[in-house]
Amino acid sequence: MPFLSLSPVHFRNLNDTTIDLLSKEVFFVGENGQGKSNLLETLYYSAYGSSFRTRLDSEIVNKDFKDFSIRVLYREESGSTHSTSIVYKDGVKRIEKDGKFLHDRKELINTIPCVLYNHDDLDFVIGSPERRRFFIDQSLSMYDVAYIDLIRKYKRVLKNRNICLKEKNYNLLETYDIQLVQHGLEIQKKRKKAIFKFNQIFGKLYEDVTGIDGLVIKYSPSWKDGQEDIPSLDQALRIVIEKREIEKNLSSTVTGPHRDRISFYRRQSPFVATASTGQRRLLALILRTAQAVYYTQVIGKKPVLLMDDVLLELDPEKRQKVTALLPEYDQLFCTFLPGEPYERYKHDTTRVYKIKNGSWEEVR
């Protein structure tokens, strides 16, 4: 179990003390606005160096202060003990692991592999194409540092290319076209491979919970040959050049991985448009479970699962099926409202904490 202790200081509305999290399952119980989700946020932040609720670190600080810090002591399955410290001070974030300063938060990858379930996951089903792409990119970024670098390179080239188009400075377009295609094709290949593996997991899980079979994730790359496949470099470059006049008029790059589409199909027909609200919500939950299974298959580690009030909208039968199909995990952290029947999900070793006004007290 990785988490031995968690020490948030001036983080949101949490009390500045240490909480020990030694059990395989830990439940946080409390009314809305008391700090349950904030505790999950600290765990997620310690794993990835960023929040799942905001991109601005300044929004995380307790309203009465300007800085915050998180310190975590954790143990790997091998028994090795490590420490992580993240300090945000004077607008600058400093991350240390085992006393060593990390220059980039990507260096935290694979340290504490967290998979988060929360309400915003519904965006991956009914949200914008950008949000659906984000899910696949996030799944790859959980273990593949090279993919993080690849996405960053592509975004830099895309930004510079768009500046050239807006400023009507076309002299560098040819150079940026080649870079865009080189990085973009690698992204598409990795996305296609990931979605292929996802489909080996995802459809079966959804059928086990709902009885609906034949559900698949469809990947439609912006650059493609006639068979919806990833094109060669020359083919992709030709597509980019063919769109150049349109892009000059729009002052924006109109093809590439930033325009790829991800959708859900059942027996050759779009699924989400006709799915019920409950089916869509389950789709989001199963995507997260598939993400956890996929991670374990690729990296060989069990993830830490963070579940933020995601069972609330399911009927008792669906809750039972979803929890029964959770993948093997190193630890599980769940939030519940006081009236929820969380006792039915407990084990003998489960720790339950009552959360109120940012403080916690173990329920015996």
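Assorted remarks:
- Computed over the chain: relative contact order in percent, which uses C-alpha pairs under 8 Å that are six or more apart: 25
- In the structure shown, the pairs 106/153; 24/354; 153/218 are assessed against 22 Å; a Cα-Cα span above that value is assigned to 153/218.
- Taking the accessible area of the chain, probe 1.4 Å, and keeping the other protein chains in place, the carbon and sulfur fraction comes to 47%.
- Degrees separating the helix 145-166 axis from the principal Cα axis of the chain, which is the longest one: 50
- Of 219, 88, 170, the one that fluctuates the most in a GNM where the chain has Cα springs shorter than 10 Å: 170
- Ordering of 89-96, 301-308, 9-16 by packing is 301-308, 9-16, 89-96, highest average first (other Cβ atoms within 10 Å, averaged per residue).
- When the chain is described by a simple charge dipole with +1 on each Lys and Arg Cβ and -1 on each Asp and Glu Cβ, the residue from 62, 222, 78 located farthest towards its positive end is 222.
- Annotation: aspartates and glutamates with alpha-carbon distance below 15 angstrom to residue 193 (same-chain offsets under eight excluded): 137, 144, 228, 229, 260.
- Backbone geometry of the range 301-315 corresponds, through the Karplus equation with coefficients 6.51, -1.76 and 1.60 at θ = phi - 60°, to 3J(HN,Hα) couplings of 10, 7, x, 9, 9, 10, 10, 9, 6, 7, 8, 4, 8, 9, 6 Hz, x marking Gly and Pro.
- Accessible area of the chain divided out per residue, in Å², using a probe of 1.4 angstrom: 48
- Candidates 114, 135, 147 compared by Cα position along the dipole of the range 114-155: farthest toward the positive end lies 147, with charges placed on Cβ.
- Rounded D (µm²/s) - the range 210-341, Kirkwood Rh over Cα pairs, Stokes-Einstein at 4 °C, 1.567 mPa s: 71
- A simple spin-label model places pseudo-atoms 7 Å from Cα toward Cβ; at residue 130 and residue 167 they are separated by 2.3 nm.
- Cα centroid separation - the range 1-70 against the range 335-364, whole Å: 16
- Stretched out straight at 0.36 nm per residue, the stretch from residue 363 to residue 160 would grow longer than its current Cα-Cα span by 67.5 nm.
- Straight-distance crosslink candidates among aspartates and glutamates, where the alpha carbon sits under 13 Å from residue 248 and sequence neighbours closer than 8 are dropped: 167
- Axis of helix 36-48 versus longest Cα principal axis of the chain: the two differ by about 50°, to the nearest ten degrees.
The values are calculated or read from the model by the stated rules, or taken from the named source; none is laboratory data. Because the structure is predicted, anything quoted here is derived from the model rather than measured. Quick reminder, even Gly has a Cβ in these numbers, built from the backbone with ideal geometry, and neighbours come from all protein chains shown. Ligands, DNA and RNA are excluded from the accessible area calculation, which covers all protein heavy atoms including side chains. Shrake-Rupley method; radii C 1.70, N 1.55, O 1.52, S 1.80 Å.
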